[in-house]
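Q: Dumping the structure here so I can ask a few things about it.
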Amino acid sequence: MLGIGLIVFAAVFAVVLLVFRLAGGESGKDRKLVRERLESLHWLSKRGVIDEGLGILREELLSSIPALNRWLIELNLFPRLRTLLTQAGVQWTLEFLALCSLGAGLVGGWIAYWRTGAWPFGVGLELLAACGPIGYVFFKRMERFGKFEELLPQALDLMVNALRAGHSLISAIEMAGREIQPPVGEELKKTFDEQNFGLDLREALNNLALRVPVDDVHIVVTALLIQKETGGNLAEILDKVAYVIRERFRLKRQVRVYTAQGRLSGWILALLPPILGVALFMVHPEHISKLWTHPSGIKMLYASVVMTLIGGLIIRKIVRIRV
């Protein structure tokens, strides 16, 4: 009972902190501007452009305990999570992500232990629920990159028209950043702002490739940098690059159509056991409860989870064709 009480107290405490965090929020244009400037320093320091930004990031206090603070800095986990949040385009902070993971894990683990009484199952569900917010961030990141690949040819076409009309490359980037929808427009606007505030065009383009690690962006950045070194008709180069990117996007959509049956089979095989288990628990809880009350049932439950994960990974490997 003491353990359950501690779990309930921790869950309520995490939920209360989350509510206060949501109520307080990060409002105000000044705080938003400061956060964007710090993110710019973060990307510049990753490229090794400025030493001051790198020193500021290294002196960031992650914990009040010196030994733990040094360990977190050496682990280099928080910069990676900050990069992940930036790439996903969500207005979350590391504190908010940690509170969401902690609250979801504690609540999910407590519910599983309360309903089943098996602490290994509760711990497993707690870890799975704690990964939920991070999984959501990864999903938003993948969705944002997909939208970027879809809109990038339109941005290149607009830049080609601007170049043929007599505009410079920087002016064409600024025009595309202003006219094209997010996320392409906002990323091109960041590239224009970095170059406009004194950063070299090469570094600004490399920062764009870091913020959006997509093959199409690397193709565009490489083409622009090669043209800057060797010369040539930039409008014609970007026109051909836009054609290549558009054909790659069409081919990827065609591959997704061909692999739709395999992906659907994977989702069905992965979701059918838990959904069927919940349905049986609602209809006949005494019958299905043998899985976590009997020793043989617990072994079968763990084996089914492992085999389902292995099968899902195998199907994902088969249907995931890289274009």
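Rule-based calculations on the coordinates, nothing more; no lab input. Just so it is clear, the model here is predicted, and its values are computed rather than measured. Glycine also receives a Cβ, built like all others from the backbone with ideal geometry; neighbour counts cover every protein chain displayed.
Q: Rounded to the nearest 20 Debye, what is the dipole magnitude of the stretch 143-246 about its Cα centre when Lys and Arg each give +1 and Asp and Glu each give -1 at the C-beta? Write down the numbers at each step before the final one.
A: Numbers: 11 positive and 17 negative charges, 20 e Å.
The calculation lands at about 100 debye.
Q: For the stretch 76-218, treating each Cα as an identical point scatterer without solvent, what Debye log10 I(q)/I(0) comes out at q = 0.13 1/Å?
A: Here log10 of I(q) over I(0) equals -0.67.
Q: Can you give me the Kirkwood hydrodynamic radius for the stretch 179-232, using every pair of distinct Cα atoms, in Å to one decimal? List each step's numbers first, then the result.
A: On the way: mean 1/r = 0.0869 Å⁻¹.
Taking the inverse mean of 1/r over all distinct Cα pairs, the stretch 179-232 comes out at 11.5 Å.
Q: A 32 angstrom limit on the alpha carbon distance is what I want to check against. Which of Lys147/Lys228; Lys140/Lys189; Lys140/Lys228; Lys189/Lys252; Lys147/Lys240; Lys147/Lys317 exceed it?
A: Distance filter (> 32 Å) returns Lys140/Lys228.
Q: Quick one: compute a quarter of the convex hull surface over the Cα atoms of the stretch 220-271 and quote it in nm².
A: The number I arrive at for the stretch 220-271 is 4.8 nm².
Q: How are the Cα pair distances of the stretch 180-323 distributed, in percent, across 5 Å bins from 0?
A: It works out to 2, 8, 11, 12, 11, 9, 8, 8, 7, 7, 6, 5, 3, 2, 1, 0, in whole percents.
Q: Could I ask something else about it? Along the charge dipole of the stretch 239-291, pointing to its positive end and built from +1/-1 on Cβ of Lys, Arg, Asp and Glu, which listed residue (Phe249, His287, Leu264) has its Cα farthest out?
A: Toward the positive end, the furthest listed residue is Phe249.
Q: While we're here: With charges set only on the Cβ (+1 for Lys and Arg, -1 for Asp and Glu), what does the dipole of the stretch 133-175 come to about its Cα centre, in debye to the nearest 20? Could the numbers behind the result be given before it?
A: Working: 5 positive and 5 negative charges, 28 e Å.
Approximately 140 debye in magnitude.
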